[in-house]
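Rule-based calculations on the coordinates, nothing more; no lab input. Keep in mind that what you see is a predicted model, and the values were worked out from it rather than measured. Cβ coordinates were reconstructed from backbone atoms using ideal geometry, including for glycine residues, and neighbour counts include every protein chain displayed.
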Amino acid sequence: MPELPEVETVRRMLAPLVTGRRLLEIEHDDPARYATAEAAVGRRVLVLRRRGKYLIFTLEGGIELIVHLGMSGSLRISEGTHTRARLEFEEATVFFNDPRRFGRLQAVPTGDYRTLPTLARMGPEPLSRGFTARVFAARLARAARPLKPALLSQEPVAGLGNIYADEALWRARLHPARPANALAPSEVRRLHRAVRAVLRRAVDRGGSTLGDGAYTRPDGEPGYFQIEHAVYGRAGEACLRCGGTIERSVLGGRSTHFCPRCQGGQAATMPTRG
């Protein structure tokens, strides 16, 4: 699933193409998923911003067009085999491609996220000034669940998904099964620094394009952070820090990669899967 670095890369590339331009038409093949998006037609884009994993087209007239890319969605400037919607702007066309059909286009009154509960309860942006170690600690303290599922909930911090949660926990030397509310202050600070460092680097590299090729930039080019993954997708390989063997387990229903040797403090037994 595209995470913060991928969505931010898309935002940066599309913003110059659509900002200040009117959305003339939306053509789509799925009324159940995209019908409300038609309320955005005829309105000019004031700004294209990102919140966590969501793209938000702020439009004139108090309307926002919310785009969630789902598991396999992408916004591109050329049509693809799995194009589900076409957004026709003045002097620009954007295609929403989504092979697995989990993505969404939805128009809402500005700031009204009652139908988008994850967006409504989302934590602070990790690359913003508001994301401090103190704020992070207070939010983690509310979560009795293991660290990895807590991070994926979007409540302690916005935008982390499977890839970057694994990478940040490895960098912070924290086991993904540790209870989120049991971290020492020094551990919270390590994780805070790790989250910011991993996401900054991933944004700089244009995100991660995995073997399925589901995510690419709007111009069709891949991201390059995948070649720097320390643990994600490296089960059975040597840890780049300590030489231990990277393991893959399932935690909270999600594939989880970690080094049992240098990410100590395991609080629960995690069945290993190769």
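Full-extension gain between Arg189 and Tyr224, please, as 0.36 nm times their residue separation minus the C-alpha to C-alpha distance.
Details: separation 35, 0.36 × 35 = 12.60 nm, distance 2.74 nm.
Using 0.36 nm per residue and subtracting the Cα-Cα distance, I get 9.9 nm.
If you take the beta carbon distance between Asn181 and Ala32 as r and set R0 to 41 Å, what does 1/(1 + (r/R0)^6) give as a FRET efficiency, to the nearest 0.05?
Working: r = 39 Å, r/R0 = 0.95.
In this case the efficiency is close to 0.60.
Along the stretch 211-219, what does the Karplus equation 6.51 cos²θ - 1.76 cosθ + 1.60 (θ = phi - 60°) give for ³J(HN,Hα), rounded to whole Hz, x for Gly and Pro?
Result, ordered by residue: x, 6, x, 4, 9, 9, 5, x, 8 Hz.
Would you please calculate the Kirkwood hydrodynamic radius of the stretch 133-273 over all C-alpha pairs and express it in Å, rounded to one decimal?
It is 15.3 Å.
Filter the trypsin sites (Lys or Arg not before Pro) in the stretch 1-74 down to the DSSP loop ones having no more than 15 other Cβ atoms within 10 Å, then list what survives.
Numbers: sites: Arg11, Arg12, Arg21, Arg22, Arg33, Arg43, Arg44, Arg49, Arg50, Arg51, Lys53; in loops: Arg21, Arg43, Lys53.
Loop-located and lightly packed - Arg21.
Report, in degrees rounded to the nearest 10, the 0 to 90 angle that the Cα long axis of helix 4-18 makes with the longest principal axis of the chain.
Orientation of helix 4-18: about 20 degrees from the principal axis.
Quick check: net charge around Val45, other residues with Cβ under 10 Å of its Cβ, Lys/Arg +1 and Asp/Glu -1?
Values: positive: Arg21, Arg22, Arg43, Arg44; negative: Glu60, Glu90.
Net charge in that neighbourhood comes out at +2.
What is the list of residues in the stretch 40-73 whose amide nitrogen lies under 11 Å from a point 7 angstrom out from the Cα of Asp112, following Cα to Cβ?
Answer for the stretch 40-73: 62-64.
Mind running the shape call on the stretch 1-64? Use the C-alpha gyration tensor, a ≥ b ≥ c as the square roots of the eigenvalues: rounded below 1.5 for a/c, prolate if a/b tops b/c, oblate otherwise. Could the numbers behind the result be given before it?
Numbers: a/c = 1.93, a/b = 1.22, b/c = 1.59.
Cα axes put the stretch 1-64 in the oblate bin.
Would you mind listing how long the stretch 4-120 runs along its three principal axes, going by Cα atoms, in whole Å with the largest first?
For the stretch 4-120, the Cα extents along the three principal axes come out at 34, 34, 29 Å.
Compute the orientation-averaged projected area for the chain from the convex hull of its Cα atoms and round it to one decimal in nm².
On the way: hull surface 55.9 nm².
Quarter of the Cα hull surface area: 14.0 nm².
What are the ³J(HN,Hα) couplings of the stretch 180-189, residue after residue, when phi is run through the Karplus curve with 6.51, -1.76, 1.60 and θ = phi - 60°? Round to Hz, x for glycine and proline.
Running phi through 6.51 cos²θ - 1.76 cosθ + 1.60 with θ = phi - 60° gives 4, 8, 10, 6, 6, x, 5, 6, 4, 5 Hz.
Which residue, Asp166, Asp98, Asp219, has the most motion in a Gaussian network model of the chain that connects Cα atoms within less than 10 Å?
The residue with the greatest mean-square fluctuation here is Asp219.
Need the full-extension length gain, Glu91 to Asp212, defined as separation in residues times 0.36 nm minus the C-alpha distance. One decimal, nm. Show your work: numbers first, answer last.
On the way: separation 121, 0.36 × 121 = 43.56 nm, distance 3.15 nm.
Full-extension gain reported as 40.4 nm.
Subtract the Cα-Cα distance of Thr245 and Leu46 from 0.36 nm times their separation in residues, and report this length gain in nm to one decimal.
Details: separation 199, 0.36 × 199 = 71.64 nm, distance 4.92 nm.
Here the segment from Thr245 to Leu46 would lengthen by 66.7 nm.
Would you mind computing, in nm to one decimal, how far apart the modelled labels at Glu25 and Thr81 are, each placed 7 Å from Cα along Cα→Cβ?
Label-label distance for Glu25 and Thr81, simple model: 2.7 nm.
For a label point 7 angstrom out from the Cα of Arg101 toward its Cβ, which stretches of the stretch 19-59 have the backbone nitrogen within less than 17 Å?
The answer is 28-36.
Can you give the calculated 222 nm mean residue ellipticity of the chain, where each DSSP H run of n ≥ 4 adds -39,500 (n - 2.57) and the sum is split over every residue, rounded to the nearest 500 deg cm²/dmol? Write out the running numbers ahead of the final one.
Values: 7 runs with 67 residues, N = 274.
That calculation yields -7000 deg cm²/dmol at 222 nm.
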